[in-house]
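Notes follow once the structure below has been shown.
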């Protein structure tokens, strides 16, 4: 952690009501050690698990707690507090806090600050597994992702009440890494020049007027047109970007700026009432496959399904009709997604072909390359000599290549390449061999499989984009934005 410097970065740490709130103290310590200026904001629920004195002692700064405190409001005020940060982190984020954020409630200091804040937000959920898997929570998460909020976790593990499952707060080092990835991104929070140009062209295409020059951007990266009354400017305000391009800006492209009709269509897809992937149908594969050896044993891999499920959620948040074909995983189903569960590779291929036609396919599943030539109908028993039985393997169907060459081929086919060496070199070869359009390559020699973060390279016929190490939800959001742009 000491190698990462966050000197000069200002982080507002919102601690909500969860038994995992004690981990926020360790997170604050890691941030302070890296040089960040941390301000703690303790909700009423959070204060039941962490004392104000402990959080203030670790951050070394006055604590924010009460929206209705005359002293706090006079000293800095919730608006000034919101506008004096580089990043807002909600860790832990309870189910109640996610619901409040999605609804835009501002009846306490945390809600008011989050509503007034126009920059990047990182959320680390923590709650009982039943609460995390509830459709209401899934809908709230999808809503927040559509607004550009970044998520890390939750993890799968032991919980309070002697339970276990998905809902455990990510560990402080993982949250710290996600924070560093956001704050170290030079483009994070910066206005998108292509987006602004497309917006100007779109407005000109609608009104028939010449494009007006842009006003200087403000410190919070928001922008408005310099001409026209304030109400008109507000109607075309676009939220500032997070680490990835804003979800609602994904339908803009530089090409749209030169075409009035295309630009007008882009604006219709980004303003309230339209999402960039509305009307599009996308197929996503996720997780491992289990290739049976006998009724109790199988061949598999370490894929958790976290990345594929995050991609499905991000695409659904952009308005797509998503069919998720998933192998056996423990992560919860994304909200608003048609999930089709399978076990083996042949079942996955059949489910994918049954989902066609689609506009795009994202093959993120880690499909077993081979399967036993014959699966035993009864459990294989060890002999007296303890010798292992012979195991003959045959190739599994190649789902990515099949979809890339299918009679009902999607307009865009995206594959994944999990590599342990020569990552980009092998991905380029796979792109040519499989016949797909893009390959998302990642190095799985570390903790990528089963972990919460990923470092990927987007390989296309036009070149390679190297993305920084990001939480898997952020990787998903970036990829979903690129898919929306390609399909528009």
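Here 361, 350 are screened, and the one residue that is modelled with pLDDT of 95 or more and either assigned to a helix (DSSP H, G or I) or in the same structural domain as residue 153 (by TED's automatic domain parsing) (or both) is 350. Is it the case, given these coordinates, that residue 91 is under 28 Å from the mean Cα position of the chain (by Cα) and at pLDDT 60 or above? The answer is yes for residue 91. Of all the listed residues (166, 123, 113), the sole one being over 15 Å from the mean Cα position of the chain (by Cα) and outside any helix (DSSP H, G or I) is 166.
Being touching a strand residue (DSSP E or B) at 6+ places or on another chain (Cβ under 9 Å) and either at pLDDT 95 or above or assigned by TED's automatic domain parsing to the domain that holds residue 137 (or both) is a property that residue 327 has.
Candidates 81, 25, 63, 70: the one that is modelled with pLDDT under 85, in contact with a helix residue (DSSP H, G or I) (Cβ under 8 Å, 6 or more places away or on another chain) and either surrounded by fewer than 22 Cβ atoms within 10 Å (Cβ to Cβ) or outside the structural domain of residue 131 (by TED's automatic domain parsing) (or both) is 63.
Among the criteria (1) within 23 Å of the chain's Cα centre (by Cα); (2) more than 28 Å from residue 351 (Cα to Cα), the one residue 458 does not fulfil is (2).
Scanning the stretch 435-455 for residues that are buried (at least 18 other Cβ atoms within 10 Å of the Cβ) and at pLDDT 90 or above, we see that the one that is nearest to the chain's Cα centre (by Cα) is 440. One residue stands out among those in the stretch 126-154 that are touching a strand residue (DSSP E or B) at 6+ places or on another chain (Cβ under 6 Å) and part of a helix (DSSP H, G or I): the one that is farthest from residue 314 (Cα to Cα), which is 129.
Quick one: which residue in 308, 269, 273 is at pLDDT below 80, closer than 27 Å to residue 123 by Cβ, out of contact with any helix residue (DSSP H, G or I) (no Cβ under 8 Å at 6 or more places or on another chain) and surrounded by 21 or more Cβ atoms within 10 Å (Cβ to Cβ)?
Going through 308, 269, 273 in turn, just one is at pLDDT below 80, closer than 27 Å to residue 123 by Cβ, out of contact with any helix residue (DSSP H, G or I) (no Cβ under 8 Å at 6 or more places or on another chain) and surrounded by 21 or more Cβ atoms within 10 Å (Cβ to Cβ): 269.
The values are calculated or read from the model by the stated rules, or taken from the named source; none is laboratory data. Note that the structure is a prediction, hence the values are computed from the model and not measured. All Cβ positions, even for glycine, are placed from backbone atoms using ideal geometry, and neighbour counts span all protein chains on display.
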